[in-house]
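Enquirer: Dumping the structure here so I can ask a few things about it.
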Amino acid sequence: MTKKGRVFSGARPTGRQHLGNYLGAIKNYVALQDDYECVYCIVDLHALTTMEEFEDLKTNTAEMALDWLAAGIRPAESIMFVQSHVPQVTELHTILSMFTPLGKLTDLPTFKEKVAQQPHNINYGLVGYPVLMSADIVLYKTNVVPVGVDQASHIEFTREIVRTFNFRTKKQVLIEPQMKNTEYPKVLGTDGVQKMGKSLNNHIEMAATPSETEAKVKTMVTDPQRQRRNDPGRPEVCNVFTLHKTFSPDELPTIDSQCRTAGIGCVDCKTILAKNINTHFEPFRAKRDELAKDPKRIWDILEDGAKRARKIAEVTLAEVKEAVGLP
(Lines give C-alpha, C1' and ligand atoms only; values in the text may rest on other atoms or scores of the structure.)
Protein backbone atom coordinates (compact mmCIF):
# COMPACT_ATOMS: atom_id res chain seq x y z
CA MET A 1 0.00 0.00 0.00
CA THR A 2 1.30 3.46 -0.96
CA LYS A 3 1.46 5.80 2.02
CA LYS A 4 -0.06 9.29 1.85
CA GLY A 5 3.06 10.97 3.20
CA ARG A 6 5.04 11.34 6.40
CA VAL A 7 3.52 12.20 9.77
CA PHE A 8 5.54 13.60 12.66
CA SER A 9 4.41 14.14 16.21
CA GLY A 10 6.24 14.59 19.48
CA ALA A 11 5.24 14.58 23.13
CA ARG A 12 7.05 15.54 26.31
CA PRO A 13 8.00 12.59 28.54
CA THR A 14 5.47 12.78 31.36
CA GLY A 15 5.65 9.13 32.43
CA ARG A 16 2.57 6.92 32.51
CA GLN A 17 -0.03 8.25 30.12
CA HIS A 18 -3.62 9.19 30.96
CA LEU A 19 -6.93 9.32 29.08
CA GLY A 20 -6.20 12.85 27.88
CA ASN A 21 -2.98 11.66 26.26
CA TYR A 22 -4.75 8.65 24.81
CA LEU A 23 -7.74 10.46 23.31
CA GLY A 24 -5.82 13.56 22.31
CA ALA A 25 -2.81 11.86 20.73
CA ILE A 26 -2.01 8.16 21.19
CA LYS A 27 -5.24 6.77 19.73
CA ASN A 28 -4.60 8.92 16.68
CA TYR A 29 -0.94 7.88 16.49
CA VAL A 30 -1.98 4.24 16.22
CA ALA A 31 -4.63 4.89 13.55
CA LEU A 32 -2.36 7.04 11.37
CA GLN A 33 0.08 4.15 10.91
CA ASP A 34 -2.31 2.54 8.44
CA ASP A 35 -2.11 5.42 5.97
CA TYR A 36 1.12 7.30 6.69
CA GLU A 37 4.81 6.77 7.28
CA CYS A 38 4.92 7.77 10.95
CA VAL A 39 7.70 9.35 12.99
CA TYR A 40 6.93 9.63 16.72
CA CYS A 41 9.31 11.38 19.08
CA ILE A 42 9.61 11.63 22.87
CA VAL A 43 10.81 15.22 23.16
CA ASP A 44 13.04 15.15 26.22
CA LEU A 45 14.90 18.35 25.31
CA HIS A 46 11.61 20.23 25.29
CA ALA A 47 10.89 18.89 28.75
CA LEU A 48 13.99 20.59 30.14
CA THR A 49 12.49 24.03 29.51
CA THR A 50 10.00 23.62 32.35
CA MET A 51 11.80 21.18 34.63
CA GLU A 52 13.66 22.14 37.81
CA GLU A 53 14.36 18.57 38.94
CA PHE A 54 15.68 16.06 36.44
CA GLU A 55 16.02 12.71 38.19
CA ASP A 56 12.74 11.33 36.75
CA LEU A 57 13.37 12.23 33.10
CA LYS A 58 14.78 8.87 32.01
CA THR A 59 12.12 6.90 33.90
CA ASN A 60 9.34 9.06 32.48
CA THR A 61 10.73 8.53 28.97
CA ALA A 62 10.68 4.74 29.38
CA GLU A 63 7.17 4.77 30.89
CA MET A 64 5.83 6.85 28.01
CA ALA A 65 7.46 4.57 25.45
CA LEU A 66 5.96 1.57 27.20
CA ASP A 67 2.47 3.05 26.96
CA TRP A 68 2.88 3.96 23.29
CA LEU A 69 4.01 0.45 22.41
CA ALA A 70 1.28 -1.22 24.46
CA ALA A 71 -1.32 1.01 22.82
CA GLY A 72 -0.31 -0.17 19.36
CA ILE A 73 2.65 1.75 17.97
CA ARG A 74 4.39 -0.68 15.62
CA PRO A 75 8.16 0.00 15.91
CA ALA A 76 9.13 -2.16 12.94
CA GLU A 77 6.85 -0.04 10.76
CA SER A 78 6.96 3.39 12.43
CA ILE A 79 9.97 5.32 13.71
CA MET A 80 9.78 5.86 17.46
CA PHE A 81 12.70 7.50 19.24
CA VAL A 82 13.95 10.00 21.82
CA GLN A 83 14.59 13.56 20.63
CA SER A 84 18.05 13.97 22.20
CA HIS A 85 19.25 10.78 20.47
CA VAL A 86 19.19 12.64 17.14
CA PRO A 87 21.64 15.55 17.67
CA GLN A 88 20.97 16.95 14.20
CA VAL A 89 17.81 18.54 15.60
CA THR A 90 19.78 20.93 17.82
CA GLU A 91 22.01 21.97 14.92
CA LEU A 92 18.97 22.63 12.74
CA HIS A 93 17.38 24.52 15.63
CA THR A 94 20.40 26.84 15.73
CA ILE A 95 20.26 27.50 11.98
CA LEU A 96 16.50 28.11 11.97
CA SER A 97 16.86 30.53 14.88
CA MET A 98 18.71 32.86 12.50
CA PHE A 99 15.53 33.09 10.42
CA THR A 100 13.23 33.76 13.40
CA PRO A 101 12.29 37.24 14.69
CA LEU A 102 12.48 37.40 18.48
CA GLY A 103 9.24 39.37 18.68
CA LYS A 104 7.38 36.57 16.95
CA LEU A 105 8.47 34.13 19.65
CA THR A 106 7.48 36.34 22.58
CA ASP A 107 4.10 37.08 21.00
CA LEU A 108 3.04 33.42 20.84
CA PRO A 109 0.14 32.65 23.23
CA THR A 110 1.86 29.52 24.52
CA PHE A 111 4.95 31.51 25.54
CA LYS A 112 2.84 34.01 27.45
CA GLU A 113 1.06 31.13 29.21
CA LYS A 114 4.36 29.56 30.27
CA VAL A 115 5.66 32.90 31.54
CA ALA A 116 2.56 33.20 33.72
CA GLN A 117 3.00 29.61 34.96
CA GLN A 118 6.71 29.86 35.74
CA PRO A 119 7.68 33.53 36.10
CA HIS A 120 10.81 32.51 38.04
CA ASN A 121 12.12 30.30 35.21
CA ILE A 122 11.88 32.16 31.90
CA ASN A 123 14.88 30.52 30.28
CA TYR A 124 16.35 30.88 26.79
CA GLY A 125 15.10 27.41 25.87
CA LEU A 126 11.54 28.41 26.75
CA VAL A 127 11.70 31.39 24.39
CA GLY A 128 13.16 29.24 21.61
CA TYR A 129 10.83 26.30 22.24
CA PRO A 130 8.81 26.88 19.02
CA VAL A 131 11.99 26.96 16.92
CA LEU A 132 13.09 23.61 18.32
CA MET A 133 9.59 22.28 17.65
CA SER A 134 9.86 23.52 14.07
CA ALA A 135 13.24 21.81 13.74
CA ASP A 136 11.66 18.56 14.98
CA ILE A 137 9.01 18.77 12.27
CA VAL A 138 10.99 19.89 9.23
CA LEU A 139 14.04 17.71 9.96
CA TYR A 140 12.07 14.63 8.89
CA LYS A 141 10.49 16.22 5.78
CA THR A 142 7.10 16.02 7.46
CA ASN A 143 3.95 16.36 5.36
CA VAL A 144 1.33 16.18 8.11
CA VAL A 145 1.30 17.04 11.81
CA PRO A 146 -1.64 15.82 13.93
CA VAL A 147 -2.43 18.63 16.33
CA GLY A 148 -4.91 19.86 18.91
CA VAL A 149 -6.26 23.39 19.06
CA ASP A 150 -3.68 24.44 21.67
CA GLN A 151 -0.78 23.71 19.30
CA ALA A 152 -2.21 25.12 16.07
CA SER A 153 -0.29 28.39 16.42
CA HIS A 154 3.00 26.48 16.66
CA ILE A 155 2.35 24.64 13.41
CA GLU A 156 1.52 27.88 11.65
CA PHE A 157 4.73 29.29 13.11
CA THR A 158 6.62 26.34 11.57
CA ARG A 159 5.01 27.01 8.21
CA GLU A 160 6.16 30.63 8.41
CA ILE A 161 9.74 29.58 9.18
CA VAL A 162 9.71 27.21 6.20
CA ARG A 163 8.46 29.93 3.88
CA THR A 164 11.04 32.42 5.19
CA PHE A 165 13.91 29.94 4.92
CA ASN A 166 13.03 28.83 1.41
CA PHE A 167 12.51 32.42 0.24
CA ARG A 168 15.71 33.84 1.73
CA THR A 169 17.93 30.96 0.60
CA LYS A 170 16.19 30.69 -2.78
CA LYS A 171 16.13 26.92 -2.21
CA GLN A 172 13.03 24.79 -1.79
CA VAL A 173 14.70 22.63 0.83
CA LEU A 174 12.13 22.53 3.61
CA ILE A 175 8.60 21.17 3.35
CA GLU A 176 5.69 23.26 4.63
CA PRO A 177 3.73 20.87 6.88
CA GLN A 178 -0.04 20.61 6.90
CA MET A 179 -2.12 20.43 10.07
CA LYS A 180 -4.44 17.51 10.78
CA ASN A 181 -6.84 18.24 13.63
CA THR A 182 -7.21 15.54 16.23
CA GLU A 183 -10.63 14.06 17.02
CA TYR A 184 -10.41 15.23 20.63
CA PRO A 185 -9.12 18.83 20.59
CA LYS A 186 -9.32 19.03 24.40
CA VAL A 187 -9.96 16.35 27.02
CA LEU A 188 -11.23 17.65 30.35
CA GLY A 189 -10.07 16.16 33.61
CA THR A 190 -12.12 14.66 36.43
CA ASP A 191 -12.90 18.20 37.62
CA GLY A 192 -14.84 18.81 34.39
CA VAL A 193 -13.21 22.23 33.97
CA GLN A 194 -9.47 22.03 33.37
CA LYS A 195 -7.64 20.08 30.68
CA MET A 196 -6.71 16.64 32.01
CA GLY A 197 -3.18 16.63 33.38
CA LYS A 198 -0.96 15.22 36.09
CA SER A 199 -0.08 18.60 37.56
CA LEU A 200 -3.74 19.13 38.45
CA ASN A 201 -4.24 15.55 39.63
CA ASN A 202 -7.42 15.37 37.57
CA HIS A 203 -6.25 12.51 35.36
CA ILE A 204 -7.04 8.81 34.90
CA GLU A 205 -4.07 6.70 33.86
CA MET A 206 -4.42 4.20 31.04
CA ALA A 207 -2.43 1.65 33.05
CA ALA A 208 -4.36 2.16 36.29
CA THR A 209 -5.85 -0.95 37.90
CA PRO A 210 -9.60 -1.52 37.55
CA SER A 211 -10.16 -0.44 41.16
CA GLU A 212 -8.00 2.68 40.71
CA THR A 213 -9.91 3.57 37.56
CA GLU A 214 -13.26 3.09 39.29
CA ALA A 215 -12.16 5.29 42.21
CA LYS A 216 -11.04 8.07 39.86
CA VAL A 217 -14.22 7.94 37.79
CA LYS A 218 -16.32 8.21 40.94
CA THR A 219 -14.73 11.62 41.63
CA MET A 220 -15.69 13.04 38.23
CA VAL A 221 -17.81 16.18 38.17
CA THR A 222 -21.04 15.77 36.23
CA ASP A 223 -23.88 18.19 35.41
CA PRO A 224 -23.59 20.90 38.12
CA GLN A 225 -27.36 21.51 38.00
CA ARG A 226 -28.14 17.91 38.86
CA GLN A 227 -28.16 17.98 42.66
CA ARG A 228 -30.40 14.99 43.47
CA ARG A 229 -30.89 11.49 42.06
CA ASN A 230 -34.33 12.36 40.68
CA ASP A 231 -33.20 15.53 38.90
CA PRO A 232 -33.06 15.18 35.10
CA GLY A 233 -29.57 15.54 33.65
CA ARG A 234 -28.08 17.33 30.66
CA PRO A 235 -25.65 15.01 28.85
CA GLU A 236 -24.46 17.80 26.57
CA VAL A 237 -22.74 19.57 29.49
CA CYS A 238 -21.54 16.46 31.31
CA ASN A 239 -17.90 15.39 30.95
CA VAL A 240 -18.77 11.82 31.95
CA PHE A 241 -21.13 11.63 28.98
CA THR A 242 -18.39 13.02 26.71
CA LEU A 243 -16.19 10.05 27.63
CA HIS A 244 -19.11 7.68 27.11
CA LYS A 245 -19.00 8.68 23.43
CA THR A 246 -15.66 6.86 23.15
CA PHE A 247 -15.96 4.10 25.71
CA SER A 248 -19.71 3.31 25.61
CA PRO A 249 -20.81 3.80 21.97
CA ASP A 250 -23.35 0.98 21.96
CA GLU A 251 -25.00 2.22 25.14
CA LEU A 252 -24.90 5.91 24.26
CA PRO A 253 -28.55 6.39 23.17
CA THR A 254 -29.81 4.63 26.29
CA ILE A 255 -27.53 6.58 28.60
CA ASP A 256 -28.57 9.84 26.94
CA SER A 257 -32.28 9.09 27.27
CA GLN A 258 -32.15 7.77 30.83
CA CYS A 259 -29.97 10.64 32.02
CA ARG A 260 -32.43 13.22 30.69
CA THR A 261 -35.37 11.49 32.36
CA ALA A 262 -33.54 10.63 35.62
CA GLY A 263 -33.84 6.95 34.75
CA ILE A 264 -30.23 6.63 35.88
CA GLY A 265 -28.31 8.78 38.34
CA CYS A 266 -24.77 10.11 38.12
CA VAL A 267 -23.45 7.23 40.23
CA ASP A 268 -24.98 4.74 37.78
CA CYS A 269 -23.56 6.67 34.84
CA LYS A 270 -20.06 6.65 36.35
CA THR A 271 -20.27 2.94 37.16
CA ILE A 272 -21.02 2.16 33.52
CA LEU A 273 -18.16 4.39 32.36
CA ALA A 274 -15.61 2.84 34.75
CA LYS A 275 -16.59 -0.65 33.63
CA ASN A 276 -16.25 0.23 29.96
CA ILE A 277 -12.93 2.05 30.40
CA ASN A 278 -11.54 -1.03 32.14
CA THR A 279 -12.85 -3.30 29.39
CA HIS A 280 -11.35 -1.04 26.73
CA PHE A 281 -7.90 -0.99 28.33
CA GLU A 282 -7.76 -4.62 29.41
CA PRO A 283 -5.74 -5.75 26.33
CA PHE A 284 -3.50 -2.68 26.64
CA ARG A 285 -2.75 -3.41 30.29
CA ALA A 286 -1.95 -7.05 29.58
CA LYS A 287 0.43 -6.10 26.77
CA ARG A 288 2.02 -3.39 28.91
CA ASP A 289 2.67 -5.84 31.74
CA GLU A 290 4.33 -8.21 29.28
CA LEU A 291 6.53 -5.49 27.75
CA ALA A 292 7.53 -4.20 31.18
CA LYS A 293 9.21 -7.53 31.95
CA ASP A 294 12.03 -6.62 29.56
CA PRO A 295 13.06 -2.95 30.08
CA LYS A 296 16.10 -3.34 27.81
CA ARG A 297 13.80 -4.13 24.90
CA ILE A 298 12.15 -0.71 25.26
CA TRP A 299 15.49 1.10 25.02
CA ASP A 300 16.57 -1.13 22.12
CA ILE A 301 13.41 -0.12 20.23
CA LEU A 302 14.08 3.55 20.92
CA GLU A 303 17.71 3.26 19.80
CA ASP A 304 16.71 1.48 16.59
CA GLY A 305 14.21 4.25 15.94
CA ALA A 306 16.90 6.87 16.55
CA LYS A 307 19.22 5.21 14.02
CA ARG A 308 16.51 5.30 11.38
CA ALA A 309 15.60 8.88 12.29
CA ARG A 310 19.24 9.98 12.05
CA LYS A 311 19.47 8.71 8.48
CA ILE A 312 16.65 11.05 7.43
CA ALA A 313 18.01 13.88 9.59
CA GLU A 314 21.51 13.70 8.09
CA VAL A 315 20.17 14.20 4.57
CA THR A 316 17.93 17.14 5.54
CA LEU A 317 20.66 18.87 7.56
CA ALA A 318 23.15 18.53 4.71
CA GLU A 319 20.66 20.19 2.35
CA VAL A 320 20.00 22.99 4.85
CA LYS A 321 23.70 23.67 5.41
CA GLU A 322 24.31 23.80 1.66
CA ALA A 323 21.39 26.21 1.24
CA VAL A 324 22.84 28.66 3.80
CA GLY A 325 26.40 28.28 2.50
CA LEU A 326 27.88 26.35 5.42
CA PRO A 327 30.82 24.14 4.34
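The values are calculated or read from the model by the stated rules, or taken from the named source; none is laboratory data. Just so it is clear, the model here is predicted, and its values are computed rather than measured. Virtual Cβ from ideal backbone geometry, glycine too; neighbours counted across all protein chains shown. Please note that ligands, DNA and RNA were not included when accessible areas were found on the heavy atoms of the full protein model with its side chains. Shrake-Rupley method; radii C 1.70, N 1.55, O 1.52, S 1.80 Å.
Enquirer: Among what's in the range 210-225 and is modelled with pLDDT under 95 and crowded, with 19+ Cβ neighbours inside 10 Å, pick the residue that is nearest to Lys270 (Cα to Cα).
Expert: Ranking the candidates gives Thr222 first.
Enquirer: Turning to a different aspect of this structure: Please identify the pairs in which a residue from the range 149-174 that is under 16 Å from Ala135 (Cβ atoms) and in a helix (DSSP H, G or I) has its Cβ atom under 6 Å from the Cβ atom of a residue that is open to solvent by 60 Å² or more (accessible area, probe 1.4 Å) and not charged (D, E, K, R), counting only partners at least 6 apart or on another chain.
Expert: Ile155/Met179; Asn166/Gln172
Enquirer: Yes or no: Arg297 among the charged types (D, E, K, R) and touching a residue at least 12 places away in the same chain (Cβ under 8 Å)?
Expert: No.
Enquirer: Moving on. Do we have Ala65 as closer than 30 Å to Phe281 by Cα, of a type outside the set (S, T, N, Q) and touching a Lys or Arg at 6+ places or on another chain (Cβ under 9 Å) here?
Expert: no
Enquirer: Could you list, in sequence order, all residues of the range 119-138 that are in contact (Cβ under 8 Å) with a residue 40 or more places away in the chain and surrounded by fewer than 18 Cβ atoms within 10 Å (Cβ to Cβ)?
Expert: Once the filter is applied, which keeps residues that are in contact (Cβ under 8 Å) with a residue 40 or more places away in the chain and surrounded by fewer than 18 Cβ atoms within 10 Å (Cβ to Cβ), the range 119-138 yields Asn121, Asn123, Gly125.
Enquirer: Quick test for you: out of Lys180, Lys186, Lys141, pick the one residue that is open to solvent by 30 Å² or more (accessible area, probe 1.4 Å) and assigned to a strand (DSSP E or B).
Expert: After ruling out the rest, the residue left standing is Lys180.
Enquirer: Still on this model: Under the condition of being outside any loop (DSSP other than H, G, I, E, B) and either closer than 27 Å to Lys141 by Cβ or at pLDDT 90 or above (or both), which residue from the range 189-205 is least open to solvent (accessible area, probe 1.4 Å)?
Expert: Glu205
Enquirer: Scan the range 52-84 for residues that are of a type in the set (Asp, Glu) and in contact with a Gly (Cβ under 6 Å, 6 or more places away or on another chain) and jot them down.
Expert: Listed by number, the list holds a single entry, Glu63.
Enquirer: A further question on this structure: Could you grab me the full set of residues in the range 54-87 that are open to solvent by 50 Å² or more (accessible area, probe 1.4 Å) and not in a helix (DSSP H, G or I)?
Expert: Phe54, Glu55, Asp56, Arg74, Ala76, Glu77, Pro87
Enquirer: If His280 meets every condition in (1) within 27 Å of Gln83 (Cβ to Cβ); (2) under 21 Å from the mean Cα position of the chain (by Cα); (3) not β-branched (Val, Ile, Thr) apart from one, which number is that one?
Expert: The number of the failed condition is (1).
Enquirer: From Lys307, Lys311, Lys275, Lys270, grab the single residue that is closer than 22 Å to Tyr22 by Cβ, among the basic types (Lys, Arg) and open to solvent by 80 Å² or more (accessible area, probe 1.4 Å).
Expert: Lys275
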